[in-house]
Each structure stands twice: as C-alpha cells, then as structure tokens.
Amino acid sequence: MFYKTKISFLFIFFVVNIVVAQDTTQQIVAGRSNSADQQKKPYVILISADGFRYDLADKYNATNLLRLRNEGVNAAYMQPSYPSLTFPNHYSIVTGLYPSHHGIVDNTFYDKQKNETYTIRNKKAVGDGTWYGGRPLWVLAEKQQMLSASFYWVASESAIQGVRPTYYYIYNDAIPIDKRIETVKNWLQLPEDKRPHFITFYFPQVDHQEHTYGPDSKEAEDAVHLVDESVGKLVRTVDSLGLNVSFIFLADHGMLKVDNEHTLPLPQVVDTTKFLVLPGTSLLHLYAKNKKNIQPTYKALKLEAKDYDVYLATKMPAKWHYSKKDDRFDRTGDIILVPHPPKVFNIGKGHIPIGEHGFDPAIPEMRATFYAWGPAFQKNKTIAGFENINVYPLIAKILGLEITDKIDGKLKVLENILAK
C-alpha cells in the first residue's frame, strides 16, 4: 500500500519543520581530531552557487570570479548528471556517483522498500542518513581522521554511514553571509588538530531569483553580483590567514526560461488509481501499483505523446545513466515522462516559476560553472567541459585521501589541472 499521511500528522510535521529550519546553532561532533599526518595536508573549500549557469559570470560581469578563474582554472562548463536538479547533483558532486547509483534520483521520489516518499521539503527525510548511498567527501575524510566542516550542502546534516562533518549547520536562511564567512575564518584559525581541511559552502540566491524572475532578469543579475562579492570577501578573508587553501567554485545545474503559461497536464491515459504520480515539472515518475499496468499505459502514452517523451525505465537513454539497470535503490518510476523544453509539466505544483531545470544535461542552458584556484591548481588554465562526477576524485587527490569505494568519476579527467 502506498504511503498516506493523516492531516493531523501533517500539521505537527509542518510545525516541527519550522522550528528545525530556524536552528542557527553550529553543530559540533565532539571527540574528533586530525591525525598528525592529516594536520600536514592542504585545505580545500568547495563552494556551490545553486543554479549558477556556465555563462553567468561573463553575462553579468562577475568581476571577482572572472579574476579568480583567470588566475587558476576555467572550465568551459561542468555538465550535471541526469536529472539536472539540485539534490541529485549536489550529492553527485560529493560522492562521485550518478544519481541512480547514490540513490537521490530526484528532488522528490518514492522508495518501494521503505514505502515512503523523499522530498527536499521534508526535513526528517533529508536528515535521515538511510536515504543516501555512496561515501560523501566529508565521510571519506572523517574516516581517515581528517576533520571536515559544512556551511550547508545536501546531506551534510545526515549521519551517513554514521558520520556527519565535525562542524556543520542545519540549513536555514537566517545566518547572514558575513557571519558565514567569519565562521569559515574561525574554523581555519582553530588549533591544527581541530581545524577542518575540507569545507563546503553554499549559496542559494541565484537559483531562487532565476526561478522566480528568469535567468535573464535584473534580479538574477543582482544575485550573481551578491555571490561574486561574497566569494571575493571569503577569498580575501581566507588568504589573510596564510594557509595552503585552494578553492573550487561550481554549480549544480544551469537554468532556462520555460513556458509557464501553457504547461502540460498529467496525460489522461494515466490512471492515478493504478499509478503513483508525484509532483514534477521537468520529469515525471509513474510508479505502477501493479506491474501488469505498465505496458498498456506505456503504449497508450506513446500514441498520444505531444511535447514530451515517454520512456520505460528499462529503456532510458544510455547517456543519462538512469535506466532500471542503473537504479541501484529501485527508486525511479516504471514509466518516465520527459517534456520538451521550454514545455514543463504542472503536476501538483500550483504556479510554475518562469525559470526551471532538470532537463537533459546536454542542453547548453543546463550546464553549470566550474572554476578553481589556489596552490593546488595550475594558473591561467582553460579546459573543456566535463561531467560533475569527476570533482570527487580531484578533491580526494588534493587532500591525499584514499578513495575506498567504487565511484563513477575518474581522476584522469581533471588531473591535468593540478599544479605540477
């Protein structure tokens, strides 16, 4: 039976969510220290600006980022994994795995074994480490006695394999940027045995403004400038400490302007008594309650499909690494509907924003930014586009961490950007 929640429980959960979301206290896992060997290692700060499309720094003259990339490494773009959504891709970056391999296959999805739905708005699910496969970089570091810290990142609040970063925050919008930068400075001024060597830092502003006003809006431009100024301040602050710190600035995905006035409804041939259909825009998962209904519904959808593609989960495009054979946690739908952008579905979402993502990563507007600078990297280096799963082995190499699990990313893809 599919998961159902009573209204009273929803109300309690809503109240709890508000309380948790406003928790601005730094969380510290006591009793940890860097080993003597790890104290000698360099530092990496991984910065994500959500939705910072590959062309935005040039488009809006982000002076700090343009200068920093020119001093270090400038990739033509970084290609997200499919689907090009926030949670799947942030988690791919820190695990080196495609979404179908780490289990976060969408921002919202159903797990048959748990008989539960994961959604990014559900703080309980987001904080439950059993949803997450793979070994995030902070878990890799901590298990090798290297301390880590997170000023936000997908899954950083969760005990994955029983491990969280030594220093982390429950996600909220209440802490000012200057306070976040001061916190990073404080982390790097801790005694060497307590000082984190891997730090994540996250900006949501560009994505928010692009969704609401579109990627070509004045609001999006202002958000780019806010991120640019903040990165400049963060770098100046960290550089003043005289440590061996390298920076990576990237994004999870791009953004495109969609037709939010003529959206696609759920096709009439989909019987919701036979399929679970979760809210979605750039893709829809149809979870069959009885497998015998898959083929008839698929055939009916193929006959009527207009402005969208219909896929059986067993026959997804190979380049997406999203077929049933890739789905290690059995979390993708039995039938998947993919709209042709700028068209989007409007299933349980109400008003659809003008900016959206989640589409084929090969679409140029879905491409993300990647810049890197600091002592670990070559200077004045320009490289071609690459897949985001390759960031994981790059960071592990810089920090001298041994990769202990099989991953999809390959060090050889980015090894040539490292300083000789």
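Any read-out appearing in this document is the output of simple, stated calculations on the displayed coordinates, not a laboratory observation. The model shown is predicted, which means the values in this text are computed figures rather than measured ones. Neighbour counts are summed over all protein chains in view; Cβ atoms, including those assigned to glycine, are modelled from backbone coordinates with ideal geometry.
In the chain, Rg over Rh equals 0.96, where Rg is the alpha-carbon radius of gyration and Rh the Kirkwood radius from pairwise Cα distances.
Ranked by how many other Cβ atoms sit within 10 Å of their own Cβ, fewest first, the residues R67, R32, R53, R331 fall in the order R67, R32, R331, R53. Multiplying the residue separation of E229 and K185 by 0.36 nm and removing their Cα-Cα distance gives an extension gain of 14.2 nm.
The angle separating the long axis of helix 7-21 from the principal Cα axis of greatest extent in the chain is about 20 degrees.
The H on the amide N of I383, modeled in the peptide plane, is under 5 Å from the matching H of N74, A75, A76, each at least 5 residues off or on a different chain. In order along the stretch 36-48, phi translates into HN-Hα couplings of 4, 5, 5, 4, 7, 6, x, 10, 10, 10, 9, 10, 10 Hz, rounded to whole numbers, per the Karplus curve 6.51 cos²θ - 1.76 cosθ + 1.60 with θ = phi - 60° and x for Gly and Pro. Order these by the 10 Å Cβ neighbour count, fewest first: L137, L401. So the residues, fewest neighbours to most, are L401, L137. Hey, quick one: spin label on N70, modelled 7 Å out along Cα-Cβ, who in the stretch 364-408 has an amide N within reach, i.e. under 20 Å? The answer is 369-375, 377-384, whose backbone nitrogens lie closer than 20 Å to the label point. Spacing of the modelled spin labels on I383 and H262, each 7 Å from Cα toward Cβ, amounts to 4.2 nm. Decide, for the stretch 122-182, between rounded, prolate and oblate: order the square roots of the alpha carbon gyration tensor eigenvalues as a ≥ b ≥ c, take rounded if a/c falls under 1.5, and otherwise choose prolate if a/b is larger than b/c, else oblate. It comes out oblate by the Cα gyration axes. What the Cβ-Cβ distance of D309 and I28 gives, at R0 = 41 Å and to the nearest 0.05, is a FRET efficiency of 0.30.
Within the chain, which is the longest segment that contains none of the GluC sites (Glu not before Pro) sitting in a DSSP loop with at most 14 other Cβ atoms within 10 Å?
No qualifying site falls inside 1-260, the longest such stretch.
With neighbours defined as other Cβ atoms within 10 Å of a residue's Cβ, the residues H208, H357 order from fewest to most as H208, H357. Our estimate of slack between D55 and A174, defined as 0.36 nm per intervening residue step minus the Cα-Cα distance, is 39.9 nm.
Averaging the Cα positions of each part gives two centres, and for the stretch 292-363 and the stretch 138-162 these lie 32 Å apart. Could you tell me whether the stretch 141-296 comes out rounded, prolate or oblate from its Cα gyration tensor? Rule is a ≥ b ≥ c as square roots of the eigenvalues, rounded for a/c under 1.5, then prolate if a/b exceeds b/c, otherwise oblate. Oblate shape, in that a/c is at least 1.5 and b/c is the bigger or equal ratio. Each residue, K112 and T212, gets one label point 7 Å from its Cα in the Cβ direction; the gap between the two is 4.1 nm. Entry note: the stretch 275-353 has Rg to Rh equal to 0.95, where both radii use alpha-carbon atoms and Rh is the Kirkwood radius.
Just check the stretch 97-154 against the gyration tensor rule for me: Cα atoms, a ≥ b ≥ c as the square roots of the eigenvalues, rounded for a/c under 1.5, and otherwise prolate or oblate depending on whether a/b exceeds b/c. Here the stretch 97-154 falls in the prolate category. Computed on the chain, with alpha-carbon pairs under 8 angstrom and 6+ residues apart, the relative contact order is 29 percent. Simple spin-label estimate for K274 and K420 gives 6.5 nm between the two label positions (7 Å along the Cα-to-Cβ direction from each Cα). Using a cutoff of 8 angstrom between alpha carbon atoms and counting only pairs six or more residues apart, the relative contact order for the stretch 28-151 works out to 23 percent. Report summary: the helix-based calculation at 222 nm, which adds -39500 (n - 2.57) for every DSSP H run with n ≥ 4 and divides by the residues of the chain, gives -8000 deg cm²/dmol.
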